[in-house]
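Data first, discussion second: the structure below is written as structure tokens.
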Amino acid sequence: MSSAALLEHEEWIRARRAEVTAPHGALSLVQTTWSPAGAPPVDDQAALAGHPLDALLTRLRRPDPSTGEIRDGYRIWRRDSPAQQAFEGIEYYDYDPAWVIPGRFELVDEDRLVPFEHMKDAGATRAVAVPGDLVFQLEGTEYRLSAFDAGYEDRALLQLVFADRTNGVESYGAGRFLYLDLPDSGRMLTPGDSIPLAIDFNRATVPPCGFSDQMNCPLPPLQNRLPFPVRAGEKRVRYAEGFEL
């Protein structure tokens, strides 16, 4: 194991703690409210009523999972949230270079949609555009997992929502996330083309719903449920004794 890789991983762990404890970090989220379809957005004053002056307000908009009608919503973030006060840390597996697996991102037809369930959608699914598959081999078996586009601004980023045999036993029960930067191939890609990349499961994270019960996280689709334990990355969130989301 290189000392550089270990130092980089330790820096990532520090950055993750700063991310989840930030004013807009998942631990700060105390309220997610949706207006009925067709109703106007709640104004700022009404949304922030009863919250401290330093509470933060952000806006949401999405199609209703059942009807497709557009709904407006908002979120309230507070640094004094119960989860922030009870948070003690994130538990991790030890860094293991064996879980940095060579693989590839293989593009598929741009119109392919994959149904994802979300924790709070009562079994309803949302069709998510999946631009390609993460493909890798482990112990002679090839695995092909659906990854969707999480890019923003000029950053090409993939998000993998996956499950494995550690969930609910050693790691967060509903599965974990893995974000991967997509390398620039230097050429125009078409369906069937692929880009080599390293799949570093040491960067697997507990989803935001492990930090706030006001999050509504996607669940791993069937093809993303690995039949072996992935003992790498984040395990679960540790809170003060007696605290539950």
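The values are calculated or read from the model by the stated rules, or taken from the named source; none is laboratory data. What you see is a predicted model, and the numbers here were worked out from it, not measured in a lab. Cβ coordinates were reconstructed from backbone atoms using ideal geometry, including for glycine residues, and neighbour counts include every protein chain displayed. Just so you know, the surface numbers come from the protein's heavy atoms only, side chains and all, with ligands and any DNA or RNA stripped out. Shrake-Rupley method; radii C 1.70, N 1.55, O 1.52, S 1.80 Å.
Out of all the residues in region 231-244, which are touching a strand residue (DSSP E or B) at 6+ places or on another chain (Cβ under 8 Å) and either β-branched (Val, Ile, Thr) or farther than 15 Å from SER171 by Cβ (or both)?
Correct list: VAL237, TYR239, ALA240.
Take region 44-70 and flag every residue that is touching a Gly at 6+ places or on another chain (Cβ under 7 Å) and open to solvent by less than 70 Å² (accessible area, probe 1.4 Å).
Hit for region 44-70 is LEU60, nothing else.
Out of region 193-209, which residues are open to solvent by less than 50 Å² (accessible area, probe 1.4 Å), farther than 15 Å from LEU178 by Cβ and of a type outside the set (Asp, Glu)?
Of the residues in region 193-209, the ones open to solvent by less than 50 Å² (accessible area, probe 1.4 Å) are 193-195, 197, 199-202, 204-209.
Add one more test, that the residue is farther than 15 Å from LEU178 by Cβ, and what stays is 193-195, 209.
If the condition is that a residue be open to solvent by less than 50 Å² (accessible area, probe 1.4 Å), farther than 15 Å from LEU178 by Cβ and of a type outside the set (Asp, Glu), then SER194, ILE195, CYS209 are the ones that fit.
Kindly list, by first and then second residue, each pair from a residue in region 105-125 that is among the hydroxyl-bearing types (Ser, Thr, Tyr) to a residue that is part of a strand (DSSP E or B), limited to pairs with Cβ atoms under 9 Å and residues at least 6 apart or on different chains.
Listed by first residue and then by second, the contacts come to THR125/PRO115; THR125/PHE116; THR125/GLU117; THR125/HIS118.
Look at region 195-242 and say how many of its residues are within 13 Å of PHE162 (Cβ to Cβ) and in a loop (DSSP other than H, G, I, E, B).
14
Sort out which residues of region 210-225 are in contact (Cβ under 8 Å) with a residue 24 or more places away in the chain, open to solvent by 10 Å² or more (accessible area, probe 1.4 Å) and hydrophobic (A, V, I, L, M, F, W, C), and write them in order of number.
Answer for region 210-225, where residues must be in contact (Cβ under 8 Å) with a residue 24 or more places away in the chain, open to solvent by 10 Å² or more (accessible area, probe 1.4 Å) and hydrophobic (A, V, I, L, M, F, W, C): MET215, LEU219.
Okay, residues lined up against (1) modelled with pLDDT of 85 or more; (2) at negative phi:
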{"position": "GLY123", "(1), (2)": "no, no"}
{"position": "VAL128", "(1), (2)": "no, yes"}
{"position": "TYR152", "(1), (2)": "no, yes"}
{"position": "ARG155", "(1), (2)": "no, yes"}
{"position": "LEU160", "(1), (2)": "yes, yes"}
{"position": "ALA163", "(1), (2)": "yes, yes"}
{"position": "ALA174", "(1), (2)": "yes, yes"}
